[in-house]
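Down below is the structure, laid out as C-alpha cells.
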Amino acid sequence: MSVIFLKLLNLSISASWLVLVVLALRLVLKRAPKWVNVLLWGMVGVRLVLPVSIESTLSLVPSTEPVSPAIIGGTAVRVGGSAAAGAASSPAAAGPGLVEIMSYVWAAGAILLFLYSVVSWLWLQNRVREPVRLRGRIYQRERIDSPFVLGIVLPRIYLPYQLGREELTHVLAHEQAHIARKDHWWKPLGFLLLMVYWFNPILW
C-alpha cells in the first residue's frame with residue numbers, strides 16, 4: 001500500500017502545478033466557450049489518472065518523482081558516500097515507517113469519502129421516490145428544494161413544484177445544457193478522483 005500511496009502522492013504534486021495553471025488561464029479566458037473550461041479541467045483529470053509522464057526540462061515539474069521513498073521514510077542513511085549497513089535492512093523491522101502510516105491514513109480517508117457518497121446517493125434516491133412525470137425524463141417532486149440532474153446512463157431532471165412557467169423554461173434549459181455537456185458524467189468522475197486524492201487541498 002505504501003508504494004501505491006507514494007505514486008499517488010507524486011501524481012497529485014504534478015497535478016497541483018497544472019491546477020494552478022488552469023486557474024490562471026480561467027482568469028484570462030473568462031469569455032471563452034464552456035467547452036474550453038471542460039477541456040482544461042479534463043487535462044487535470046488525465047494527469048491524475050495517467051500513471052506515467054514524460055520528463056522534460058521544460059515541464060512545470062521536471063521530475064516525475066518529486067517525493068522519493070528515502071525523503072519520506074528516511075530509510076537511506078549514507079555515511080562517507082556509502083549506505084550504512086543498517087539502512088539495507090527492511091524498514092518494517094523497526095516498525096512502520098512514515099510512508100506506511102500515511103498510506104493507512106490515506107486509505108481510511110478514501111473509504112470514508114466512499115461511504116459518504118453511498119449514503120448521500122441512498123438519501124437522494126429516497127428523496128425522489130414516486131415522482132410525478134412532467135414529460136419525457138423530466139420529473140417533479142415535493143421533497144426537493146432545487147432542480148438537479150440524477151443518473152449517469154439515463155439521466156433524469158428533477159424539479160420542485162414551486163416554479164413559475166417562465167422560471168421553469170429557464171431552469172429546464174439550464175439542466176438540459178448540463179446533460180448536453182455530459183456534466184452528469186464528469187461530476188461523478190471528479191468526485192471519484194477526489195476520493196483518491198482527498199489529501200491534496202489544491203485539488204479540492
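The values are calculated or read from the model by the stated rules, or taken from the named source; none is laboratory data. Nothing here was measured: the structure is a model prediction, and the numbers come from that model. Here the Cβ positions follow ideal geometry from the backbone for every residue, glycine too, while neighbour counts run over all protein chains shown. Ligands, DNA and RNA are excluded from the accessible area calculation, which covers all protein heavy atoms including side chains. Shrake-Rupley method; radii C 1.70, N 1.55, O 1.52, S 1.80 Å.
Kindly indicate the residue of the stretch 121-164 that is among the hydroxyl-bearing types (Ser, Thr, Tyr) and open to solvent by 40 Å² or more (accessible area, probe 1.4 Å) and also farthest from GLU175 (Cα to Cα) among those meeting that condition. So that I can check it myself, show each step before the final result.
Filtering the stretch 121-164 down to residues among the hydroxyl-bearing types (Ser, Thr, Tyr) leaves 139, 146, 158, 161.
Applying the additional criterion that residues be open to solvent by 40 Å² or more (accessible area, probe 1.4 Å) yields 146, 161.
Working: SER146: 11, TYR161: 16 Å.
Among those that are among the hydroxyl-bearing types (Ser, Thr, Tyr) and open to solvent by 40 Å² or more (accessible area, probe 1.4 Å), it is TYR161.
The numbered conditions (1) at pLDDT 85 or above; (2) farther than 24 Å from ILE202 by Cα are all true for THR75 except (1). Picking from residues in the stretch 177-204 that are of a type in the set (Lys, Arg) and without any contact (Cβ under 8 Å) to a residue 60 or more places away in the chain, the one that is least open to solvent (accessible area, probe 1.4 Å) is LYS182. Restricting attention to the stretch 1-54, the residues that are open to solvent by less than 70 Å² (accessible area, probe 1.4 Å), closer than 26 Å to ALA110 by Cα and either in contact (Cβ under 8 Å) with a residue 60 or more places away in the chain or part of a helix (DSSP H, G or I) (or both) total 22. Regarding TRP106, is this residue aromatic (Phe, Trp, Tyr), assigned to a helix (DSSP H, G or I) and in contact with a helix residue (DSSP H, G or I) (Cβ under 7 Å, 6 or more places away or on another chain)? Yes: the conditions hold for TRP106. Of the residues screened, LEU58 is not one that is modelled with pLDDT of 80 or more and either within 19 Å of the chain's Cα centre (by Cα) or over 19 Å from ILE202 (Cα atoms) (or both). When ILE111 is tested against the conditions (1) aliphatic (A, V, I, L, M); (2) touching a residue at least 24 places away in the same chain (Cβ under 8 Å); (3) assigned to a helix (DSSP H, G or I), the lone failure is (2).
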